[in-house]
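Visitor: Below is the structure I would like to discuss, written out as structure tokens.
The values are calculated or read from the model by the stated rules, or taken from the named source; none is laboratory data. None of the values given here were measured: they were computed from a predicted structure. As a convention, Cβ positions derive from the backbone with ideal geometry for all residues, glycine included, and neighbour counts pool all protein chains shown. Side chains are part of the model used for accessible areas, which takes the heavy atoms of the whole protein and leaves out ligands, DNA and RNA. Shrake-Rupley method; radii C 1.70, N 1.55, O 1.52, S 1.80 Å.
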2 protein chains.
Amino acid sequence: MKEDVKFTLFHHPLSSASRYVRLLLNEYQIAAHLIKEYEWQKRKEFLALNLAGTVPVLLTNETPVCGALVIYEFLDETQGPLKNHSRLFPQNPLARAHVRHLSEWFLIKFENDITRHLVKERVYKQEGGAAPDANIIRKAIANIRPHMEYLNWLSTNHNWLGGASLSYADFAAAATVSVLDYMGELQWPLYPMAKEWYARLKSRPSFRSILSDSIHEITPPIHYTNLDF
Amino acid sequence: MKEDVKFTLFHHPLSSASRYVRLLLNEYQIAAHLIKEYEWQKRKEFLALNLAGTVPVLLTNETPVCGALVIYEFLDETQGPLKNHSRLFPQNPLARAHVRHLSEWFLIKFENDITRHLVKERVYKQEGGAAPDANIIRKAIANIRPHMEYLNWLSTNHNWLGGASLSYADFAAAATVSVLDYMGELQWPLYPMAKEWYARLKSRPSFRSILSDSIHEITPPIHYTNLDF
């Protein structure tokens, strides 16, 4: 019983986790139908797919795969082995654990410390007609520098964040960084090695559709789509 | 170059994520040296192992594997295949995605909505000499019922949370539930199917060392260690 598997991705353009999955689908050249989901609307049909009510959700035929951490393991298990040398996990289990740790760091910790709050206060709240909380924004912005310095340090040690080869960790970090960059929050001259690393990722064909996204609440800075920024 | 791998686990007795990893080590019969770590002390040597400063961290020889989600994938990859029928993942990738989703639900969402706050306010703050915040405690307690009703519903549908066989999802949920139960927060008569499921898990030999843990700030209710509660 072989049939053509169809993927549908429920996402939001400024959700780092959604961008991460879109990058992976592009890298693995998997076509997917994209549906924009606004979490704050708590759509019944969407809650039936994911009780947590969060994007991204990947529908494969009729079955939902919920959350970026679960989706990338699923994509790796089902698509990774077919990719041979372009598989986004290293061979060694301890090296894979390191890549998983970094992916979680950027998709969960960086997100909870910074990006989630900025997007919520500046975009989600505006869509709902509420005023942003300046205090929350200030705290989130104060977290940017230590996180970006860590990213800069990681980029100094190796070509790619997880070591010698490109991995899921690079896309997890780049997805989150791309959202902050869209919001004009990154002073790139402070993080020269992270900038070089990001320029290399941003030039990949998988990044094109991400960079062309826009939302009406915020216009990105001029350098945002520039590959040589 | 084969050598006897030695595991050391940095944990806290009331950290759900730590209990989860201890349960898995017990299930897979892997001996590990346990070290109690108090996150709030921000010990330099511990931060060098995990920059996030959180337990659990599993040291395998000299290499740290950080965080419960990363540790269970590592244990599954390195130990799971040796376990044949007692492997804690189903065969099908979509079924594995479901188990991963539930594991994340209990280790991250349930934890962030409820357990983390109760442990922080009642235990961590007391150790540091600070007063608990009654408002935070009230909010966390209000989240218990919907979460436990979901667990009850999951236990009604199948023998085990992830489907027909015992999986990582059961241990993730049981670890978190065991912490709440220790704190006397569970009105078991409200959740009869979850209670049956938990009784089955609690009776497993892997649970023994967890149930015998105690901390001086809180004494568990009488039923806590009772296998027929």
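Visitor: Contact order normalised by length for region A:110-201, with contacts defined as Cα pairs under 8 Å and 6 or more residues apart; what percent is it?
Guide: So the answer I get is 29 percent.
Visitor: For region A:69-108, state the average projected area of the convex hull of the C-alpha atoms over all orientations, rounded to one decimal in nm².
Guide: Spelled out: convex hull of the Cα atoms, projected over all directions, averaged, 2.8 nm².
Visitor: I've got another one for you. Between A:THR219 and B:HIS33, how high is the FRET efficiency from 1/(1 + (r/R0)^6) when r is the Cβ-Cβ distance and R₀ = 56 Å? Nearest 0.05.
Guide: Result of the calculation: an efficiency of 0.50.
Visitor: At 0.36 nm per residue, minus the direct Cα-Cα distance, what do B:ALA130 and B:TRP40 gain on full extension? Give it in nm, one decimal, please.
Guide: Once the chain is fully extended between B:ALA130 and B:TRP40, it gains 31.2 nm.
Visitor: Given points 7 Å out from each Cα along the Cα-Cβ axis, report the A:LYS83 to B:LEU190 separation in nanometres with one decimal.
Guide: So the two model labels end up 4.4 nm from each other.
Visitor: Could you state how much accessible area B:HIS33 has, in square angstrom rounded to the nearest 10, with a 1.4 Å probe and all protein chains kept in place?
Guide: Surface accessible to solvent at B:HIS33 totals approximately 110 Å².
Visitor: With θ set to phi - 60°, apply the Karplus curve 6.51 cos²θ - 1.76 cosθ + 1.60 along region B:91-102 and write out the HN-Hα couplings as whole Hz, x wherever there is a Gly or Pro.
Guide: Calculated HN-Hα couplings, in order: 6, 7, x, 5, 5, 5, 4, 5, 5, 5, 4, 5 Hz.
Visitor: What is the distance in Å between the Cα centroid of region B:80-102 and that of region B:129-158?
Guide: For region B:80-102 versus region B:129-158, the Cα centre distance is 27 Å.
Visitor: Checking the a/c ratio against 1.5 first, then a/b against b/c, what shape does the Cα gyration tensor give for region A:110-165?
Guide: Taking the square roots of the gyration eigenvalues as a ≥ b ≥ c, region A:110-165 is prolate.
Visitor: Report the label-to-label distance for A:LYS6 and B:ARG122 in nanometres (one decimal), using points 7 Å from each Cα along the Cα→Cβ vector.
Guide: In this crude label model, A:LYS6 to B:ARG122 measures out at 5.0 nm.
Visitor: Let me ask something else. If you take the square roots of the eigenvalues of the alpha-carbon gyration tensor of the protein assembly as shown and sort them as a ≥ b ≥ c, do you get rounded (a/c under 1.5), prolate (a/b over b/c) or oblate?
Guide: Judged from the Cα gyration tensor, the protein assembly as shown comes out rounded (a/c under 1.5).
Visitor: Return one quarter of the surface area of the convex hull spanned by the alpha-carbon atoms of region A:108-204, equal to its mean projected area, in nm².
Guide: 6.4 nm²
Visitor: Can you list, largest first and rounded to whole Å, the semi-axes you get for chain A by taking the square root of 5 times each eigenvalue of its Cα gyration tensor?
Guide: Each semi-axis is √(5λ); the values are 26, 24, 15 Å.
Visitor: Report the charge-dipole magnitude of region A:69-114 in Debye, nearest 20, computed about the Cα centre from +1 at each Lys and Arg Cβ and -1 at each Asp and Glu Cβ.
Guide: Roughly 220 debye, rounded to the nearest 20.
Visitor: Starting from a label point 7 Å past Cα on the Cβ side, list the distances from B:ASN92 to the same position in the other copies, nm, shortest first.
Guide: 3.7
Visitor: Checking a compactness column here: for region A:1-135, what do you get for Rg(Cα) / (2.2 N^0.38 Å), N being the number of residues?
Guide: In units of the globular-protein estimate, region A:1-135 measures up at 1.15.
Visitor: Here's a follow-up. With θ set to phi - 60° and the Karplus curve 6.51 cos²θ - 1.76 cosθ + 1.60, what are the ³J(HN,Hα) couplings of region B:197-204 in order, to the nearest whole Hz, using x for Gly and Pro?
Guide: Taking θ as phi minus 60°, the curve returns 4, 5, 4, 5, 5, 4, 7, 6 Hz for region B:197-204.
Visitor: Over region B:1-113, what relative contact order in percent results from Cα pairs under 8 Å that are six or more residues apart?
Guide: It comes to 26 percent, rounded to a whole number.
Visitor: Follow-up question, since we're still on this one. For A:THR156 and B:THR156, FRET efficiency with R0 = 41 Å and r from the beta-carbon atoms, rounded to 0.05?
Guide: 0.20
Visitor: Still on this structure, please answer the following. Take the cross-link list A:LYS109/B:LYS120; B:LYS36/B:LYS109; A:LYS109/B:LYS42; B:LYS36/B:LYS125 and give me the ones stretching past 20 Å between alpha-carbons.
Guide: B:LYS36/B:LYS109
Visitor: Of all accessible surface on region A:1-87 at a 1.4 Å probe, what whole percent is carbon and sulfur?
Guide: Accessible surface attributable to carbon and sulfur in region A:1-87 totals 52 percent.
Visitor: Next question. Once you sort the root eigenvalues of the Cα gyration tensor of region B:1-51 as a ≥ b ≥ c, which label holds: rounded (a/c under 1.5), prolate (a/b larger than b/c) or oblate (the other case)?
Guide: Verdict is oblate for region B:1-51.
Visitor: Under unit Cβ charges (Lys, Arg +1; Asp, Glu -1), what dipole magnitude, rounded to 20 debye, does the protein assembly as shown have relative to its Cα centre?
Guide: Rounded to the nearest 20 debye, it is 80 debye.
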